[in-house]
Structures are given as structure tokens and as C-alpha cells.
1. How much area per residue is accessible in the chain when the probe is 1.4 Å and only protein heavy atoms are counted (Å²)?
2. Once every DSSP H run of n ≥ 4 in the chain is given -39500 (n - 2.57) and the sum is divided by its residues, what mean residue ellipticity at 222 nm do you get, rounded to the nearest 500 deg cm²/dmol?
3. How fast does the chain diffuse by Stokes-Einstein, in µm²/s, taking the Kirkwood radius from C-alpha pairs at 37 °C and 0.692 mPa s?
4. Would you mind working out the magnitude of the charge dipole of the chain relative to its Cα centre, with +1 at each Lys and Arg C-beta and -1 at each Asp and Glu C-beta, to the nearest 20 Debye?
5. Dipole magnitude of region 194-268 about its Cα centre, charges +1 at Lys/Arg Cβ and -1 at Asp/Glu Cβ only, in debye to the nearest 20?
6. Within region 228-294, what whole-number % of the accessible surface is contributed by carbon and sulfur, with the 1.4 Å probe and all protein chains included in the calculation?
7. Nearest 5 is fine: what % of DSSP beta bridges in the chain come out antiparallel, could you say?
8. Please find, in a Gaussian network model of the chain (springs between Cα atoms separated by less than 10 Å), the residue of GLY262, GLY281, GLY142 whose mean-square fluctuation is greatest.
Amino acid sequence: MVNVQMTKYSKHVQTEMTFPDSTLANTLFGVHNENLHRIAAATDTKIHARGNNVVIEGDNIASELAENILNQLYGLIGEGYPVYPNDVDYAANVLGRDRHASLKHIFLDTIYIKANKQSVAPKSPMQKAYIDAIRKFDIVFGIGPAGTGKTYLAMAMAVSELAKKKVNRIILTRPAVEAGEALGFLPGDLAEKVNPYLRPLYDALHDMMKIEKASALMEHGIIEVAPLAFMRGRTLNDSFVILDEAQNSTSEQMKMFLTRIGYNSKAVITGDITQSDLPAGRASGLVEARDLLKDISDIAFVFFTKKDVVRHRLVQKIIEAYERREQLKAES
């Protein structure tokens, strides 16, 4: 149990916390107290370490937030969860938005990847809701900005389902927008022409398993990476299908894709409706699907925001800057 003592000053609260287990406390504090520095920066407090103790100085709300982060991270470490510096940032983001949130409920919901003997875990309540939706529903839409883990978590779930033999194959696809009529003018054979558009899918896949293993599975048709146009005329049974960058699909392509889903299959459709590369005036299949299918109870829609970004801390600020610009344009 963590011991907490509080001393009130005119505008600040000083909170002293004692962590009984020195090994867990050292892990919590981080190398050279890096984790404490991150928590202090995120909460606008001052945090000083003294042995197994920390002293938090700041206003009441900020100090309570820092105390909550430290308590919950200490509990995670006690459960064997390896807390990294980025996890500290995610924890501050989650608890800063909802002080009643449970980091254990979110972070300990692990997706096991047998291919590389590693695991993937959600880093925000919305990521947790997303993987819960993928478990429950056969068709799931993950919509939101880059960096929110839409494709990465879907890929982790696909590899996990394949390892458990719940599906027989994984199919990864995305539109090759610029290909269109100009595809024939690009150098190389067909594979060389479309591979640049599929590269992000290969990158995510190779994060889940060794390149040699992935290549072997692709040679046997167990994993397939292909442009969206190649899905036409097929019926996808016993498959986990991921359509990435779906905002670049046309209305016709989205309808074609969704009607390919066969028995014992799951489909996850990801995209950012603010980043369409379709020609001006061409409607996005993702936007249309969102509007047409939102009332079908067996289809899940999960909407991410910039607050769910789990890349570098600056990514969230970059997204906010672009949003402000777009808002100013709309108002002018």
C-alpha cells in the first residue's frame, strides 16, 4: 500500500508518497527519475524523489493528478506490466481526461502475438473500446487521425486470431488512389507498381512477426497483401480482412469490399476522413459508409480523436495546429 501525507500551503499542496517495494519504486521512477520528470511536466507540478518517497508540489488538482498517475503506474508495475516512458505519457493523457479511469483495465487487456512472443496492449480508453469491438463484431470501422493505432491494433488482432486458428488467412488491402488510369505508365511489373501503396501494411505486419515468417505465409497464401481493386469478384471466407486508408476508397469500391465478406470472417475498415486523396468532387466511400451503415446494430463504429494519438507527443500538437488552421479557413 502506498502511504500518502498532504501538507497545505497558501496556493500549493505538498503531497508525500511512500512506495513500500524499493524495486518497484525504482522502476516507477525510471532511469535518472525520467518517469517522474515526465509526470511533473505533464501535470505542471514539481516532483522530488527521496529513496522510496516522492514529494509532489503543485496546486490541488495538479497534485491529485500526479498522485493518481503514480499510484496507478505503481499498481501496473506490481502486476508485471513493463512501464516505458511513453506509457507514462499515455497514463497522463488518460487520467488527465478522466481521473476515474483504470489503467489496469486498459493497459492489461493484452493481445498476444505468438509469432514474435510479444504482446500489444491498448494505450487509451478508445483503443480498448476498439479491440473490444473487433472481438465482438464481424465488421468494425475505426475512424480517426493518424497515430491513433487503428491499423496497428487491427493487425495485432488479425495475427492473434490466425495464431489461434480462428481464421485461416489474413487479407490486407488499401486503395492505390494515384494508380487508377495512370498505373500502366509507372515503371516495372504490376507488383512493383502497387507495392509503394502497400508498404505501410508490410511495415505493420513485420512489427508482428519476422520477415521470414511473414514471407513464408504470403508464399502459401495465408497472408495476402493486395490493392483494393483486387478484391472484386471474390468471396472472403474464414478470413480476417483489413481495409486500410479507406477514406481513399470510392463509393463503388467500398460497397464492393463490404459485400465480399463471407462466412466466419471479420473485416476492419480504418481511415481518416479528413485526409482523403480522392479527386475533388469525388465522394469518399468511408464517409458514405459511415452515414449509410451507422444504424446497423451488428456493425461497430469507433471514432478516435487527436487525444487518442499514441505516437510522439508532438504529433498531437501538430494535429491541433492543422485543425486550428482549418477552423480559421472555415470561419473566414
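The values are calculated or read from the model by the stated rules, or taken from the named source; none is laboratory data. Please read all numbers here as calculations on a predicted model, not as lab measurements. Positions of Cβ are backbone-derived with ideal geometry, glycine not excepted, and every protein chain shown enters the neighbour counts. The area values use the complete protein model at the heavy-atom level, side chains included, leaving out ligands, DNA and RNA. Shrake-Rupley method; radii C 1.70, N 1.55, O 1.52, S 1.80 Å.
1. Accessible area per residue, the chain: 53 Å².
2. Only helices count here, giving -13500 deg cm²/dmol.
3. 149
4. Roughly 360 debye for the chain.
5. Using Cβ point charges on Lys, Arg, Asp and Glu, region 194-268 gives about 220 debye.
6. Answer for region 228-294: carbon and sulfur cover 49 percent of the accessible area.
7. 45
8. GLY281
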